[in-house]
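Q: Sharing a structure here in structure tokens format.
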Amino acid sequence: MSTGLLFQANLNADKIYIDMKFLPDPVEHELYIRIQNQYLSTLYFKVTVDIPNWTLTTPADGQLGSVAGTQEKFFTLTMSRPKPSTETVESGTITIEAYSDSDYTDKVGEATLPVTVYFEDLESWTDVTIYDFNDGTSQGWTLSSNTTIENDASVETGGYSARYYYSAKSYNREGYIERSITLPNRNKVRVSFFLAFYAYYNIKIHDLSVLVNGEKVYDIPTTIVKGPVHYGWVKCAVDLSAYRGQTVTLRIRIYTQNTNTTLARTTKVWIDRIVIAGKD
């Protein structure tokens, strides 16, 4: 019997783009990991982050705990670093190790993912378009049902955002905003946006994706938020350089799920300050 680990990452896991506008100090970045244990016995997993300036903060010791044989679990990790003063690129690795014992002494396998982190000041780039909804309109974006432009939450004082709101018994629904956009004809093209969430009991917010012409270019396929919780603002940045100069349909979407079959539960998702930027 062979031992080892296979590291299968999300579309965007190995290249992390961080827009520096409104960036807190220290910077925090969340990683979502699904671990499937194909052994018949329980294994114990540990993660290490070896990227310059970054520290794993949750869990601080890297110990994820056990996954029973033939089972899987999802984990959310948090790593942080001081906010850089200028644009910078940092490369390193994230490693998952598997152990047969809870003391993490008998290692049976490991797998490593090379990771590059890009800090970018998108709003200072050559070509910049900002959709902040602060005029109270959708600014050309098509909104899914139950999505409206509201001023109950915004990343800017007195501002507006696109708000998805739904309350019902058992459901699994897609909320999105979508727009036809001509992207900058530059070597580097990015889109960034802010998200905030409200989830009541029994609510799951999952499968955050960015699609270009119906194809995923960014995704977090697992559950991001599980209610009850108020969560936000968080920021996402996505590389669209493969579509430079093209007129594309850009969709930002997320799914909300109420697992309660007898009681109506409320979900809210806010999307704000969408930035399209390009430079050579």
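The values are calculated or read from the model by the stated rules, or taken from the named source; none is laboratory data. What you see is a predicted model; the values in this text were computed from it and never measured. Methodologically, a virtual Cβ is constructed for each residue, glycine included, from the backbone with ideal geometry; neighbour enumeration extends over all protein chains shown.
Q: Applying the selection to region 83-115, what residues are closer than 13 Å to Pro52 by Cα and part of a strand (DSSP E or B)?
A: Thr88, Val89, Glu90, Ser91, Gly92, Thr93, Ile94, Pro114, Val115
Q: I need a count of the residues in region 226-270 that are outside any strand (DSSP E or B) and touching a residue at least 60 places away in the same chain (Cβ under 8 Å).
A: Of the residues in region 226-270, 10 are outside any strand (DSSP E or B) and touching a residue at least 60 places away in the same chain (Cβ under 8 Å).
Q: If you don't mind, another one. Going by what's in this entry, would Leu5 be described as farther than 30 Å from Gly278 by Cα, modelled with pLDDT under 95, surrounded by 13 or more Cβ atoms within 10 Å (Cβ to Cβ) and not assigned by TED's automatic domain parsing to the domain that holds Thr105?
A: Considered against the rule, which asks whether it is farther than 30 Å from Gly278 by Cα, modelled with pLDDT under 95, surrounded by 13 or more Cβ atoms within 10 Å (Cβ to Cβ) and not assigned by TED's automatic domain parsing to the domain that holds Thr105, Leu5 comes out as yes.
Q: Continuing with this model, one more query. What are the residue pairs meeting all of these: first residue in region 126-139, first residue within 10 Å of Gly159 (Cβ to Cβ) and in contact (Cβ under 8 Å) with a residue 12 or more places away in the chain, second residue among the small types (Gly, Ala, Ser) and exposed (fewer than 15 other Cβ atoms within 10 Å of the Cβ), Cβ atoms under 9 Å, and 6 or more apart or on different chains?
A: These pairs meet every condition: Asn134/Gly158.
Q: Just wondering, is there one or more residues in region 130-153 that are out of contact with any Pro (no Cβ under 6 Å at 6 or more places or on another chain), at pLDDT 95 or above and closer than 30 Å to Gly92 by Cβ?
A: For region 130-153, residues out of contact with any Pro (no Cβ under 6 Å at 6 or more places or on another chain), at pLDDT 95 or above and closer than 30 Å to Gly92 by Cβ: absent.
Q: Right, next: Scan Tyr198, Tyr171, Tyr231 and give me the residue that is closer than 23 Å to Lys21 by Cα and modelled with pLDDT under 95.
A: From the options Tyr198, Tyr171, Tyr231, the qualifying one is Tyr231.
Q: Test Tyr218 against the stated conditions and say whether it is of a type in the set (Phe, Trp, Tyr) and farther than 17 Å from Val269 by Cα.
A: In short, yes.
Q: Residues in region 36-73 that are exposed (fewer than 14 other Cβ atoms within 10 Å of the Cβ), under 21 Å from the mean Cα position of the chain (by Cα) and of a type in the set (Gly, Ala, Ser): how many?
A: Of the residues in region 36-73, 1 are exposed (fewer than 14 other Cβ atoms within 10 Å of the Cβ), under 21 Å from the mean Cα position of the chain (by Cα) and of a type in the set (Gly, Ala, Ser).
Q: Oh, and also: Just to check your reading of the model, which residue among Glu87, Glu110, Glu120 is of a type outside the set (S, T, N, Q) and closer than 16 Å to Phe193 by Cβ?
A: Glu120
Q: Sticking with this structure for a sec: Between residues in region 62-91 that are in the same structural domain as Asp207 (by TED's automatic domain parsing) and residues that are assigned to a strand (DSSP E or B), which pairs lie under 9 Å by C-beta distance while being six or more apart or on different chains?
A: Here the result reads none, with nothing in region 62-91 linked to a residue that is assigned to a strand (DSSP E or B).
Q: Only one of Asp121, Asp132 is out of contact with any His (no Cβ under 8 Å at 6 or more places or on another chain) and surrounded by fewer than 17 Cβ atoms within 10 Å (Cβ to Cβ); which?
A: Asp121
Q: Shifting gears a bit: Say whether the condition of being closer than 30 Å to Tyr39 by Cβ, without any contact (Cβ under 8 Å) to a residue 24 or more places away in the chain and of a type in the set (Ser, Thr, Tyr) is met by at least one residue in region 95-106.
A: Scanning region 95-106 turns up at least one residue that is closer than 30 Å to Tyr39 by Cβ, without any contact (Cβ under 8 Å) to a residue 24 or more places away in the chain and of a type in the set (Ser, Thr, Tyr).
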